[in-house]
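Read the figures in this text as sums done on the coordinates, not as results from a lab. Remember, predicted model here, so these are calculated numbers, not experimental data. When we count neighbours, we look across all protein chains shown, and the Cβ atoms used for this are built from the backbone with ideal geometry, even at glycine.
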Amino acid sequence: MKKIVLLFAVLLVTSCDEEPSPEGSNSVGDSAEPSADTAQPAENSFTPPLSDADIERTPSNTSKKATELTRDDISNLPPLPDTVTKEFIVELWAKPHDDKGLIEEFADGGIREGVWKVVSKRGPRKGELTQTSEAKMILKTIDRRYQVWEWREGDLLTYTVTTYDYDASIYRWWGASAAPEETSIFEHSGRRYWRNLMEWKAVNHPDPEMQSTMRTTFISEDGKRFKVVGEAKRNGEVVSYSVGEFNWESELPEEHRSRGPK
């Protein structure tokens with residue numbers, strides 16, 4: 001249980017991808033439900049990173065349009081398992097990268113496959129980010145519908161899988177520690193706002209009194225940079241906050257393109 005809590009801390013609370021918002025603005029966890037009458041940006045435009053206030057707008061119709069465009073092909077996608085296990089995640093990671101026929105929800109190029117450097121700043125709350133760390137992430141796409149990555153930070157090694165669930169009309173994200181003794185799975189669900197903003201919320205946090213939220217902003221059209229802000233609250237009080245940056249460093253190693261990693 002200690003390790004799964006650490007996974008939440010690293011991937012939900014400590015992920016870094018969005019700069020702190022100005023003092024006085026709402027935090028991620030305080031965002032209100034978006035209003036339904038806000039105009040949408042042009043479909044082919046790339047909007048700049050959004051402030052906390054901007055998230056209080058209607059979710060992007062990108063997912064809806066993508067679902068409509070791919071509806072005829074959904075039946076041909078590998079089905080989601082009834083229960084996602086650590087073995088399922090690890091087996092997906094072992095498969096070679098394949099971006100052919102990728103579902104529209106991931107085909108916009110927001111995140112590029114390859115090797116990434118992640119710099120995180122963490123602390124008990126916004127304005128008190130006293131810890132800095134670096135991680136390495138390798139990302140690839142599998143079976144038309146999955147983004148899979150390996151995350152290394154110090155002695156912590158995790159594998160995560162994201163996809164779009166057409167039945168539930170949400171993005172889903174699962175992760176597990178590579179440690180043999182740890183079999184727990186963390187899960188969170190996500191929604192897309194505009195073209196380049198997503199918000200994730202923990203589904204099965206090991207601490208029932210904890211609410212974790214992560215907001216991802218894609219800030220380059222070539223898919224080589226994105227930002228994340230993470231926040232955790234216990235009984236409505238912020239207990240952990242993070243901000244950082246994900247920067248693409250190099251192409252996906254050949255071993256991940258032609259066969260499973262050694």
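Need one number: nm distance between label points at Ser189 and Asp99, each 7 Å from Cα along Cα→Cβ, rounded to one decimal.
Each label point is offset 7 Å from its Cα along the Cβ direction, giving 3.0 nm.
Would you mind getting the Kirkwood hydrodynamic radius of region 128-180 from its Cα pairs, rounded to one decimal in Å? Before the final figure, lay out the partial values.
Numbers: mean 1/r = 0.0781 Å⁻¹.
Computed over Cα pairs of region 128-180, the Kirkwood hydrodynamic radius comes out at 12.8 Å.
Using 0.36 nm per residue of separation minus the Cα-Cα distance, give me the extension gain between Asp167 and Asp155 in nm, one decimal.
Values: separation 12, 0.36 × 12 = 4.32 nm, distance 3.69 nm.
Stretched out fully, the Asp167 to Asp155 stretch lengthens by 0.6 nm.
May I ask you to derive the FRET efficiency for Glu254 and Glu181 from their Cβ-Cβ distance with R0 = 30 Å, giving the value to the nearest 0.05? Working shown, then result.
On the way: r = 32 Å, r/R0 = 1.07.
Once rounded, the FRET efficiency stands at 0.40.
Which pairs, out of Lys136/Lys233; Lys86/Lys201; Lys100/Lys126; Lys95/Lys126, put more than 29 Å between their alpha-carbon atoms? Write out the running numbers ahead of the final one.
Values: Lys136/Lys233 27 Å; Lys86/Lys201 20 Å; Lys100/Lys126 41 Å; Lys95/Lys126 39 Å.
Checking Cα-Cα distances, Lys100/Lys126; Lys95/Lys126 exceed 29 Å.
On full extension of the chain, what length is gained from Asn235 through Glu134, given 0.36 nm per residue of separation minus the C-alpha to C-alpha distance?
On the way: separation 101, 0.36 × 101 = 36.36 nm, distance 2.99 nm.
Stretched out fully, the Asn235 to Glu134 stretch lengthens by 33.4 nm.
Residue by residue, what Karplus-based ³J(HN,Hα) values in Hz, rounded to whole numbers, does region 111-128 have, using 6.51, -1.76 and 1.60 with θ = phi - 60° and x for Gly and Pro?
Taking θ as phi minus 60°, the curve returns 10, 8, 5, x, 9, 10, 10, 10, 10, 10, 10, 9, x, x, 6, 4, x, 10 Hz for region 111-128.
Could you tell me which GluC sites (Glu not before Pro) in region 99-173 are loop residues by DSSP with no more than 15 other beta carbons within 10 angstrom of their beta carbon? Please report the intermediate quantities before stating the final value.
On the way: sites: Glu104, Glu105, Glu113, Glu128, Glu134, Glu150, Glu153; in loops: Glu104, Glu105, Glu113, Glu128.
Filter output for region 99-173: Glu128.
Based on the mean of other Cβ atoms within 10 Å per residue, sort peptides 192-204, 228-240 so the most packed one is first.
Working: 192-204: 20.6, 228-240: 18.5.
The most tightly packed comes first, giving 192-204, 228-240.
Taking 1 over the mean of 1/r across every pair of different Cα atoms in region 69-206, what Kirkwood radius in Å do you get?
Values: mean 1/r = 0.0612 Å⁻¹.
Over region 69-206, the inverse of the mean reciprocal pair distance is 16.3 Å.
So, by mean Cβ neighbours within 10 angstrom, what's the order for 80-87, 139-146 with the highest one leading?
Values: 80-87: 12.4, 139-146: 21.1.
Going from most to least packed, we get 139-146, 80-87.
Taking H as built 1.01 Å from N, whose amide H comes closer than 5 Å to the amide H of Ser184, not counting residues under 5 places away?
Counting only residues 5 or more places away or on other chains, the set is empty.
Apply the Karplus curve 6.51 cos²θ - 1.76 cosθ + 1.60, θ = phi - 60°, to the phi angles in region 201-213 and return the couplings in whole Hz, x for Gly and Pro.
Once θ is set to phi - 60°, the couplings for region 201-213 become 10, 5, 9, 10, 4, x, 9, x, 8, 9, 10, 10, 9 Hz.
Using the Karplus curve 6.51 cos²θ - 1.76 cosθ + 1.60 with θ = phi - 60°, what ³J(HN,Hα) values do you get for each residue of region 78-95, in whole Hz, with x for Gly and Pro?
x, x, 5, x, 4, 10, 7, 10, 4, 4, 4, 5, 5, 5, 4, 4, 6, 6
Length gain on complete extension for the stretch Glu91 to Asp207, per 0.36 nm per residue less the alpha carbon to alpha carbon distance? If you can, show how the numbers build up before the last one.
Working: separation 116, 0.36 × 116 = 41.76 nm, distance 2.80 nm.
Roughly 39.0 nm would be gained on extension.
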